Amino acid sequence: MAEGEHRPQKSEPASELGANDETAASDATGQSSSGQETTERSARDSTSRRKFLRGAGLVAAGAAAGGVVGGVVGGVVGAVAGRDSVHPKIEKELGLLPEPSKPGFEHLVVVMFENRSFDNILGFLYADQKPPRGQKFHGLDVARDTNHDPLTGQDIAAHVYNGTTDFVMSQPDPDPGEEYPFVNHQLFGTLDPAENANRMIWEMEAPYNAPPVDAEADMSGFLADYIDHLRTERKGSAPAFDVYRHIMGAFDPTMLPVFSTLAREFAVYDNWHCAVPSQTFCNRSFFHASTSHGFVTNGLPSYKKWIDKSAYAPTIFNRLQAGGRSWAIYFDDRQFISMTGFIHTPALQKYWKTDHFRTMTRFYDDVKNGRLPDYSFIEPRLVYDHNDMHPPVGPMTRTDVDGKVISGGAISDVRAGDALLHQIYTAVRTSASLKGSNAMNTMLFVTFDEHGGLYDHVPPPAATPPSKNMGETEMGFGFDRLGVRVPALAISAWTAKGQIINETMHHSSVIATLTKKYGLPHLTDRDKNAPTIDNAVSLTRARQPATWPQTHPQWLPPNPEASAPEQDGDRPLSPPGVGLLGLLIAHYGGDETKVPRTYREAYDLIAERGQGLFGVGHEKRITPLTPGDTPAPTSSPPPTPSGE
């Protein structure tokens, strides 16, 4: 029987804690008459506590859960199930919350990280143990999952990253190709025309490595595509074996302890696919609008395509607003601008300077005080000092120090993302407000926008296009197949420990869940019949948060980008950071050829142009290091759209 479905134990004689309570009550009766009122109150409390704990069957539960403390938690879980608090003082002392009247969630929190495939993060989750309760888990098999190396002629198997900790935590380095033509090469092994092998994305020609009609993805081209990508970046020089082999690498569970703990202790989806076989903006757009307007790249030919009124499409936020439901988008305090807000400018700009856009400081306060909206979406830090888990880009500068060459690549460490997940999960786990949101009525959902060019062994399935009449689309993609698998976890009081969900899911499933829950109209054909994440609500009795695991991230070394870039400011930005600042410049009608590429340039642009665009009551907190050195607007920002 799954955890949470256990029947309450029968009453037993007083437990050790019950006996101690009796002693305490007896001792209290010997106090002076001046304390008689306090004594009587204490005796009543002790008697009440004793009866309450006895009714929960603490002796039996304690034996199963590991002693008196385990018995208190395990036994009282049953005592508070399915009703309002009967003994609120005792339940508060034990960290217990009233169980909602029915399974499910009233508050959904989603955090979306960047550019990691399922196999890269969770492929080895059950490599050293069998999945619980005879379930199937589609992870990596090092004997089966290989790619052919065109340089050596050998097959390179999927493997656990090896090397120093700091080296491993920044792999793969540099970032692989993630746009549509590169992904076609990765999934199908196709290069069409052949000259696309050594081209940058803006040099690619039709049909952009698209596979033949009815071709099946064999996931054979990740290694070859990475080699081509590295050779192009290195102006024709062949990359070293120890560099390109890591595209087949993955983390083992000990490397990312928070992700692996939550995947084993709650629900993991092993067949969740991103929406588009391409990069960030398209997939983040699909997650909330169930369309990317026919786009398959971030900024080709221009970032303006995302903010143009022709790209208007209602989002789930608009549906929630029209249906009288609450929502908020949380972004990092140091970033000041919201990628979600920019990607959906035509639909969401009228909400930019409202309480719908909030900082992460506000998120933790909202969680603590039971003020989460119906739907919350969290953006990690994407521009600098990023904790979004995006792989690093290549070195931009090299400096001789005592005869040693030091590479100045972008700082990227997956431990920062694991630590962020720990902070978010811990905030939800410890939320104990008796009004509004708390751990018992909140689901935390964790996923990634796209695979980012990293190896995965499961071919993406076919998909329903957003519309039967897609018209002309970027690079001719029909939006009739999903992207690569990405990690996805569901964490809630109603989610069974060790649950593995094999059902095919995709980025429109969250939209489908919310429209179904609140009786809202669907957005496009893609989400109309999409499966919902209700399959992660799998228990008939809720798990008290006192029984949830605590998580322990690895030590995270300090990031030099955590402070203003007075020094070392020429570190390059990752693609999401470049793209987000491209949207900022496009918003002001600026020159997109001057989109920042370094930490210093990004810092100055956000200081001069980004502060005050999103949220309410935020004062300017940073000043540019080189005032006036950022791209000037060539026009005023477009007017706020008024249509829903």
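The values are calculated or read from the model by the stated rules, or taken from the named source; none is laboratory data. These numbers come from a predicted model, not from an experiment. Using ideal geometry, Cβ is built from the backbone for each residue, glycine included, and neighbour counts are taken over all protein chains shown. Just so you know, the surface numbers come from the protein's heavy atoms only, side chains and all, with ligands and any DNA or RNA stripped out. Shrake-Rupley method; radii C 1.70, N 1.55, O 1.52, S 1.80 Å.
Here are a few things to note about the model shown:
- Check on P465, open to solvent by 10 Å² or more (accessible area, probe 1.4 Å), under 23 Å from H246 (Cα atoms) and either modelled with pLDDT of 95 or more or assigned to a strand (DSSP E or B) (or both): no
- Only one of the listed residues (A289, A263, A267) is at pLDDT 95 or above, more than 30 Å from H552 (Cβ to Cβ) and of a type in the set (A, V, I, L, M). That residue is A289.
- Test result for T551, buried (at least 18 other Cβ atoms within 10 Å of the Cβ) and assigned to a loop (DSSP other than H, G, I, E, B): yes
- Test: residue in the range 616-631 that is at pLDDT 90 or above, of a type outside the set (F, W, Y) and in a loop (DSSP other than H, G, I, E, B): yes
- For the range 228-259, filtering for residues that are touching a helix residue (DSSP H, G or I) at 6+ places or on another chain (Cβ under 8 Å), open to solvent by 40 Å² or more (accessible area, probe 1.4 Å), more than 28 Å from R429 (Cα to Cα) and assigned to a loop (DSSP other than H, G, I, E, B) leaves 3.
- Leading residue by the ranking (surrounded by the fewest Cβ atoms within 10 Å (Cβ to Cβ)) among those in the range 318-377 that are under 25 Å from S509 (Cβ atoms) and of a type in the set (S, T, N, Q): S326
- Scanning the range 435-457 for residues that are touching a Lys or Arg at 6+ places or on another chain (Cβ under 8 Å) and within 30 Å of R543 (Cβ to Cβ) gives G436, S437, A439, F448, D449.
- Screening the range 562-577 for residues that are part of a helix (DSSP H, G or I) and open to solvent by 10 Å² or more (accessible area, probe 1.4 Å) and picking the one that is farthest from D418 (Cα to Cα) gives P575.
- Candidates in the range 428-444 are the residues that are small (G, A, S) and crowded, with 19+ Cβ neighbours inside 10 Å; of these, the one that is farthest from L108 (Cα to Cα) is S431.
- Note on the range 153-170: residues that are under 25 Å from the mean Cα position of the chain (by Cα) and assigned to a strand (DSSP E or B) total 2.
- Selected residue (criterion: farthest from T430 (Cα to Cα)) from residues of the range 549-607 that are without any contact (Cβ under 8 Å) to a residue 12 or more places away in the chain and over 24 Å from the mean Cα position of the chain (by Cα): T593
- Unique match (being more than 16 Å from S220 (Cα to Cα) and either out of contact with any Gly (no Cβ under 6 Å at 6 or more places or on another chain) or assigned to a loop (DSSP other than H, G, I, E, B) (or both)) among N147, N184, N196: N196
- Residue list for the range 300-342, restricted to those being in a loop (DSSP other than H, G, I, E, B), over 17 Å from I585 (Cβ atoms) and among the aliphatic types (A, V, I, L, M): A313
- Consider the range 171-200 and keep the residues that are more than 25 Å from A463 (Cα to Cα) and aliphatic (A, V, I, L, M). The one that is least open to solvent (accessible area, probe 1.4 Å) is A197.
- Members of the range 323-337 that are under 16 Å from I424 (Cβ atoms) and of a type in the set (D, E, K, R): D332, D333
- Within the range 403-414, one or more residues are open to solvent by less than 10 Å² (accessible area, probe 1.4 Å), at pLDDT 95 or above and closer than 30 Å to Y161 by Cα.
- Qualifying residue in the range 542-550 (condition: within 30 Å of G323 (Cα to Cα) and modelled with pLDDT of 90 or more): yes
- Selection status of P132, in contact (Cβ under 8 Å) with a residue 60 or more places away in the chain and either polar (S, T, N, Q) or crowded, with 20+ Cβ neighbours inside 10 Å (or both): no
- Total residues in the range 495-527, condition assigned to a loop (DSSP other than H, G, I, E, B) and either touching a helix residue (DSSP H, G or I) at 6+ places or on another chain (Cβ under 8 Å) or open to solvent by 10 Å² or more (accessible area, probe 1.4 Å) (or both): 14
- Scope the range 106-129; condition open to solvent by 10 Å² or more (accessible area, probe 1.4 Å) and over 17 Å from the mean Cα position of the chain (by Cα); matching residues: E106, F124, Y126, A127, D128, Q129
- Being open to solvent by 40 Å² or more (accessible area, probe 1.4 Å), part of a loop (DSSP other than H, G, I, E, B) and among the aliphatic types (A, V, I, L, M) is a description that does not apply to L140.
- Looking only at residues of the range 273-317 that are small (G, A, S) and surrounded by 22 or more Cβ atoms within 10 Å (Cβ to Cβ), we find that the one that is farthest from P459 (Cα to Cα) is G299.
- Residues located in the range 181-215, provided they are in contact (Cβ under 8 Å) with a residue 40 or more places away in the chain, closer than 19 Å to L454 by Cα and not aromatic (F, W, Y): P181, V183, N184, H185, Q186, L187, I201, A210
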